[in-house]
Amino acid sequence: MSLQPDPTLVKVLQRGFHLDGRIVDWGTLRGVARALPGLMPTTISAGWHDGIAFRSGEVFGIRTLSAFLRGPADDRPVLSTVYEVDAADIDGAQIVDVLAMQLGLPKKHEAHEWSDSGHAWSTVVETAGWNFGDVSIGLSVYGGERDEVGGRSIAMLWHAWDETIAAKPFIAQWQSQCEVLARYAARRSTFEAFTLDLPQSSLFAPDSKKPTVRQIADAHQRRAVHFSLHDRDMLATPPEIAAMIPTNGCALWTSAVDSIWCLSNRWDSKAFDIGAQVKVSHAEIKPAKGGGYCEVSTEHWRAHACYPSRTIADLAGKIAAIPGVTIEHFEGYDA
């Protein structure tokens, strides 16, 4: 028999997420969702969850222990909800079949052998996924029961919203900030580039070494979506600055008239007011099991090189001279 998704349920999934017996519309800010009347907050577990936990009930015909709202900030929307499945209500081997009765056959499904070891609970023995336009459903079945908020869980179920859609109300503001940074760059007072011995990384650098105009535009769009939601102060490097930085380099520049200083690689930039209190890490990690590395980083922006690196040390020294900056120096071994 070919199982088909329940069309009424699909409409509900596309509208919003389950939270303690109600449907909350996608696009609801995390801070608004967590303050909805009648919700019952629960103690957040010490596990991987970094969201806000609430008591939960039945979701897609399966009883759950808790719902975790996951979103980057209270003034950004909920991007997904994660549910812990109540082990007292269902056997792990049955979950996919129960979900398929409502959601249809999963688009992706992988099963592994169950283990009798004492640490089976730490493994995932089955995964499944469903897609319905801008939303997706995912499932991970544990190899054994885990202690979680409200009881023992046998699986994790999540309901996620497409970030491309979620970011739409916030992209214009992020792009405006990028345009402001480009104006600062046009009247910069100092600029110094640093060439390193490793290619510098970016989440959204074009894949090709000689990207087409379309590839560059696609990378910028992905960057706009991610940063406008997750890291709004990470901006696109102004084109005239990017043109002076190689893929294996970075730059430190200032605009005295705007009272800002900025760290840039070819794609991403982080700017700060001169005099603002900023912590910057300078790490020198010697080879051990790994090859070692040197790094300067602050608020998710980083420049890295092989150990030892006089250039990274020079960059750290130049940043340390900026008013308001505190350099935190770390040494260790690449174990």
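Can you tell me which residue in region 86-133 is nearest to Arg152 (Cα to Cα), limited to those that are within 24 Å of the chain's Cα centre (by Cα) and of a type in the set (A, V, I, L, M, F, W, C)?
In this case the residue turns out to be Val124.
Before we move on, is Ser136 part of a strand (DSSP E or B), hydroxyl-bearing (Ser, Thr, Tyr) and over 23 Å from the mean Cα position of the chain (by Cα)? Working first, answer last.
Details: part of a strand (DSSP E or B): yes; hydroxyl-bearing (Ser, Thr, Tyr): yes; over 23 Å from the mean Cα position of the chain (by Cα): no.
No.
Going residue by residue through region 12-23, is there one that turns out to be of a type in the set (D, E, K, R), in contact (Cβ under 8 Å) with a residue 40 or more places away in the chain and assigned to a loop (DSSP other than H, G, I, E, B)? Let's see the steps before the verdict.
Step one: filter region 12-23 for residues of a type in the set (D, E, K, R), giving 15, 20, 22.
Going one step further and asking which of them are in contact (Cβ under 8 Å) with a residue 40 or more places away in the chain, we end up with 20.
Now narrow it down to the ones that are assigned to a loop (DSSP other than H, G, I, E, B): 20.
The answer is yes, given that some residue of region 12-23 is of a type in the set (D, E, K, R), in contact (Cβ under 8 Å) with a residue 40 or more places away in the chain and assigned to a loop (DSSP other than H, G, I, E, B).
Please identify the pairs in which a residue from region 103-119 that is closer than 14 Å to Tyr142 by Cβ and surrounded by 14 or more Cβ atoms within 10 Å (Cβ to Cβ) has its Cβ atom under 9 Å from the Cβ atom of a residue that is at pLDDT below 95 and of a type in the set (Ser, Thr, Tyr), counting only partners at least 6 apart or on another chain.
Trp114/Thr123; Ser115/Thr123
Scan region 222-239 residue by residue and report those that are within 14 Å of Trp267 (Cβ to Cβ) and either in contact (Cβ under 8 Å) with a residue 40 or more places away in the chain or over 16 Å from the mean Cα position of the chain (by Cα) (or both).
First pass over region 222-239, keeping only residues within 14 Å of Trp267 (Cβ to Cβ): 222-224, 226-227, 231, 234-239.
Selection gives Arg223, Ala224, His226, Phe227, Asp231, Met234, Leu235, Ala236, Thr237, Pro238, Pro239.
Go through Ala193, Ala128, Ala185 for me and flag whichever is more than 24 Å from Asp75 (Cα to Cα), among the hydrophobic types (A, V, I, L, M, F, W, C), in the same structural domain as Arg15 (by TED's automatic domain parsing) and in contact with a strand residue (DSSP E or B) (Cβ under 8 Å, 6 or more places away or on another chain). Write out each step before concluding.
On the way: Ala193 fails: in the same structural domain as Arg15 (by TED's automatic domain parsing); Ala185 fails: in the same structural domain as Arg15 (by TED's automatic domain parsing).
Testing whether each residue is more than 24 Å from Asp75 (Cα to Cα), among the hydrophobic types (A, V, I, L, M, F, W, C), in the same structural domain as Arg15 (by TED's automatic domain parsing) and in contact with a strand residue (DSSP E or B) (Cβ under 8 Å, 6 or more places away or on another chain) leaves just Ala128.
Scan region 44-61 and give yes if some residue there is under 23 Å from Gln14 (Cβ atoms), modelled with pLDDT of 90 or more and of a type in the set (Ser, Thr, Tyr), otherwise no.
Within region 44-61, none of the residues are under 23 Å from Gln14 (Cβ atoms), modelled with pLDDT of 90 or more and of a type in the set (Ser, Thr, Tyr).
Identify, please: which residue in region 181-197 is surrounded by 14 or more Cβ atoms within 10 Å (Cβ to Cβ) and aliphatic (A, V, I, L, M) and is, among those, farthest from Asp268 (Cα to Cα)? Walk me through how you get there before you give the answer.
Going through region 181-197, the residues surrounded by 14 or more Cβ atoms within 10 Å (Cβ to Cβ) turn out to be 181-182, 184-185, 188, 191, 193-194, 196.
Narrowing the set further to residues that are aliphatic (A, V, I, L, M) leaves 181-182, 185, 193, 196.
On the way: Leu181: 11, Ala182: 12, Ala185: 14, Ala193: 14, Leu196: 16 Å.
Filtering region 181-197 for residues that are surrounded by 14 or more Cβ atoms within 10 Å (Cβ to Cβ) and aliphatic (A, V, I, L, M), the one farthest from Asp268 (Cα to Cα) comes out as Leu196.
Sort out which residues of region 316-335 are farther than 17 Å from Cys306 by Cβ, touching a His at 6+ places or on another chain (Cβ under 7 Å) and aliphatic (A, V, I, L, M), and write them in order of number.
Scanning region 316-335 gives a single hit, Ile327.
Determine whether Glu148 is assigned by TED's automatic domain parsing to the domain that holds Lys11 and not β-branched (Val, Ile, Thr). Explain how you work it out, then say what you get.
Values: assigned by TED's automatic domain parsing to the domain that holds Lys11: yes; not β-branched (Val, Ile, Thr): yes.
Considered against the rule, which asks whether it is assigned by TED's automatic domain parsing to the domain that holds Lys11 and not β-branched (Val, Ile, Thr), Glu148 comes out as yes.
State all residues of region 169-221 that are under 21 Å from the mean Cα position of the chain (by Cα) and part of a loop (DSSP other than H, G, I, E, B); if no residue qualifies, say none.
Matches in region 169-221: Gln200, Ser201, Ser202, Leu203, Phe204, Ala205, Pro206, Asp207.
Collect the residues in region 256-299 that are of a type outside the set (Lys, Arg), in contact (Cβ under 8 Å) with a residue 60 or more places away in the chain and buried (at least 21 other Cβ atoms within 10 Å of the Cβ), keeping them in residue-number order.
Scanning region 256-299 gives Trp261, Cys262, Asn265, Trp267, Asp268, Ser269, Ala271.
Of the conditions (1) within 21 Å of Pro246 (Cβ to Cβ); (2) of a type outside the set (Phe, Trp, Tyr); (3) in contact (Cβ under 8 Å) with a residue 12 or more places away in the chain, Thr212 fails just one. Which one is it?
(3)
Can you tell me how many residues in region 268-318 are within 21 Å of Ser202 (Cα to Cα) and in a helix (DSSP H, G or I)?
So the count comes out to 4.
Within the group Gly151, Gly133, which residue is surrounded by 14 or more Cβ atoms within 10 Å (Cβ to Cβ) and of a type outside the set (S, T, N, Q)? Working first, answer last.
Values: Gly133 fails: surrounded by 14 or more Cβ atoms within 10 Å (Cβ to Cβ).
Criteria check complete, one pass: Gly151.
Inside region 222-234, can you point out the residues that are surrounded by 15 or more Cβ atoms within 10 Å (Cβ to Cβ) and outside any helix (DSSP H, G or I)?
Asp231, Arg232, Met234 - these are the residues of region 222-234 that are surrounded by 15 or more Cβ atoms within 10 Å (Cβ to Cβ) and outside any helix (DSSP H, G or I).
The values are calculated or read from the model by the stated rules, or taken from the named source; none is laboratory data. Please read all numbers here as calculations on a predicted model, not as lab measurements. All Cβ positions, even for glycine, are placed from backbone atoms using ideal geometry, and neighbour counts span all protein chains on display.
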